[in-house]
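Participant: Quick one: this structure, given as structure tokens, is what I'll be asking you about.
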């Protein structure tokens, strides 16, 4: 039977379209620098305007929370914090969320234009907040009176506990505008389970290259993508991006053996930290092509 030239052309056209629709992603990395004298800069979150939330340690060894818009640095301190203040996410309105160490343990808050608003799960001994969406919904973790760790979501003034059945020490780390929450917990074997929770069901997120320690999710964006970190067969941390149903390694080329992918926006701009050969942590920003 003869095949028409038109049929061959159509087949080749569909093949070409299929290939063009799913090009491989490549990443360009750059270091995130807060001040010239900072000994460490940690980048945890990034909004759709490209503003980065995190912290830095100054030359005197003091840690400060920060937002970084291009080269414009905003340094933030809280009188109630004795140490370890940091922002972990920032929404489109510029409201950052984070926590610090205070006199009695972890203190969580949101920050908007110089104003702190406390985040404290009712009757909890400590609260840590790490995610916020454009609606102002906050997620994080808290410790109850028995020192058991739980995840939580705060919508308006209402708090809700989030746990994963069969696991312990849940942490609701990030949330998008649809209310999808990146949550992970520790298994009975001491490894990590990760899920995307939509309020009703838990969708397992597991990088196929993960070793026994498992996968940790950090940030879902509004396009269905997820940033996180998995541990390879050598137990080294490797950042990942879940995009289009596929997992991509996000590993800073200057890293010795560890990259953590913490933040993600809708344009696939990512931020995190890597460990260079000299040790310590260096913040990075990665963009996609």
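Participant: Evaluated at 20 °C with a viscosity of 1.002 mPa s, what Stokes-Einstein diffusion coefficient in µm²/s does region 27-288 have when Rh comes from the Kirkwood expression over alpha-carbon pairs?
Facilitator: Numbers: Rh = 18.1 Å.
D = 118 µm²/s.
Participant: Which residue, 190, 245, 211, has the most motion in a Gaussian network model of the chain that connects Cα atoms within less than 10 Å?
Facilitator: Highest fluctuation of the listed residues: 245.
Participant: Taking 7 Å along the Cα-to-C-beta vector as the label spot, tell me the residue 28-residue 69 distance in nanometres, rounded to one decimal.
Facilitator: It is 2.3 nm.
Participant: Here's another thing I want to ask about it. For residue 147 paired with residue 113, estimate the spin-label separation in nm (one decimal), with each label point 7 Å from Cα along the Cα-to-Cβ line.
Facilitator: Placing both labels 7 Å beyond Cα along the Cβ direction yields 4.3 nm.
Participant: Helix-only estimate, please: 222 nm mean residue ellipticity of the chain, summing -39500 (n - 2.57) across DSSP H runs of length 4 or more and dividing by its residues, to the nearest 500.
Facilitator: Numbers: 1 runs with 17 residues, N = 289.
Roughly -2000 deg cm²/dmol at 222 nm, from the helical runs in the chain.
Participant: Which distance in nm do the two modelled labels at residue 212 and residue 134 give, with both placed 7 Å along the Cα-to-Cβ direction?
Facilitator: For residue 212 paired with residue 134, the spin-label model returns 4.4 nm.
Participant: Running a GNM on the chain with Cα contacts under 10 Å, which residue among 96, 255, 86 ends up with the highest mean-square fluctuation?
Facilitator: 255
Participant: Would you mind telling me which residue in 241, 25, 213 has the biggest mean-square fluctuation in a Gaussian network model of the chain, where springs connect alpha carbons within a distance under 10 angstrom?
Facilitator: Comparing 241, 25, 213 in the GNM, the peak value goes to 25.
Participant: Which whole-number percent gives the relative contact order of the chain, counting Cα pairs below 8 Å spaced six or more residues apart?
Facilitator: Computed value for the chain: 14 percent relative contact order.
Read-outs: derived from the displayed coordinates by stated rules, not from any lab. These numbers were taken from a predicted model, which means no experiment stands behind them. Glycine also receives a Cβ, built like all others from the backbone with ideal geometry; neighbour counts cover every protein chain displayed.
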